[in-house]
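Laboratory data are not the source of any read-out in this text; all were calculated from the coordinates shown. Since we're looking at a predicted model, the values are computed, not measured. Cβ placement follows ideal geometry from the backbone for every residue including glycine, while neighbour counts extend to all protein chains displayed.
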Amino acid sequence: MNKNKYTIIKYISIIIIVIIAYLSIFYFNTKYIYSQIISILSVIIFIFFIDFEKDKPKAINIICICVMTSIAVVGRILFFSIPQFKPTSAIIITSGILFGKKYGFLIGALSGFISNFFFGQGPWTIFQMFAWGITGYISGFFYNKKIKNNFILYLFSFIMGYVYGFIVNLMPILSLGENMSILSVTTTIISGFYFDSVHAFSNVIFMIIIYKTIEKRVLRIKNKYNII
């Protein structure tokens with residue numbers, strides 16, 4: 001597929017998002033908002049994958065993506081018995097910092113999709129893919145920037161725990177449909193605050209443990225093979 005075809009597909013996808021958003025605003029019905037948001041997130045994820053494919057990445061770049069995704073997936077599986085206390089987000093944040101926004105999003109989204117073959121697929125998968133994808137994408141703003149202050153790195157990782165939680169918490173809120181109210185939304189947010197806090201603190205703990213080790217090895221590989 002040539003570059004023009006990728007561009008056409010990308011713009012068609014954006015048009016679809018605009019149409020869905022238009023229908024959501026002017027024909028708003030809480031009964032259908034859940035499926036509307038899932039449709040929008042699915043198209044956005046698709047656009048990111050198309051954008052990556054357009055770049056025609058080298059085999060070594062794809063290998064790095066596969067390795068980081070595998071580590072994130074295995075990390076989630078190993079800590080499955082401890083809710084929200086997992087190294088997955090820390091690995092995705094590290095990936096975004098070391099490989100950039102586009103690769104960070106891809107590794108995050110793939111980690112959510114692949115790991116759910118073990119935890120169960122469902123509508124929540126789209127929210128997790130998008131949340132982890134955004135985690136990797138935002139982390140990519142640190143790409144090629146030497147982070148000298150560890151406090152900034154850990155504070156950022158802590159905040160991203162709540163960003164992930166905010167996106168994923170949209171799922172139970174939107175699933176309320178016609179029963180959605182200020183009380184039900186507030187109750188859902190409060191009930192998820194504990195788990196989001198555990199996630200945020202676990203990000204900091206795992207970043208302290210893994211970041212420097214992974215950074216050292218990734219930089220050596222990048223310099224040796226001139227990748228990403």
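Please report, to one decimal in angstroms, the Kirkwood hydrodynamic radius of the chain built from all distinct Cα-Cα pairs.
Over the chain, the inverse of the mean reciprocal pair distance is 18.5 Å.
For an R0 of 30 angstrom, estimate the FRET efficiency from the Cβ-Cβ distance between residue 12 and residue 121 and round to the nearest 0.05.
0.70
What is the extension gain from residue 35 to residue 62, computed as 0.36 nm multiplied by their sequence separation minus the C-alpha to C-alpha distance, in nm to one decimal?
6.5 nm
If one computes the Cα centroid of the stretch 110-148 and of the stretch 48-95, what distance in Å separates the two points?
Comparing the Cα centres of the stretch 110-148 and the stretch 48-95, I get a distance of 7 Å.
Summing -39500 (n - 2.57) over the DSSP H runs of n ≥ 4 in the chain and dividing by its residue number, what mean residue ellipticity at 222 nm do you reach, to the nearest 500 deg cm²/dmol?
Mean residue ellipticity, 222 nm, calculated: -27500 deg cm²/dmol.
Looking at the chain, identify the longest residue range that excludes and avoids all trypsin sites (Lys or Arg not before Pro) in DSSP loops having at most 12 other Cβ atoms within 10 Å.
Longest run free of exposed loop sites: 32-144.
Within the stretch 44-140, list the chymotrypsin sites (Phe, Trp or Tyr not before Pro) lying in a DSSP loop whose Cβ has at most 14 other Cβ atoms in a 10 Å radius.
80
Show me 203-211, 187-195 ranked by packing, highest mean number of other Cβ atoms within 10 Å first.
Put in order of decreasing packing, that is 203-211, 187-195.
Stretch residue 77-residue 186 to full length: gain in nm at 0.36 nm per residue minus the Cα-Cα span?
Taking 0.36 nm per residue and subtracting the Cα distance, the gain is 36.2 nm.
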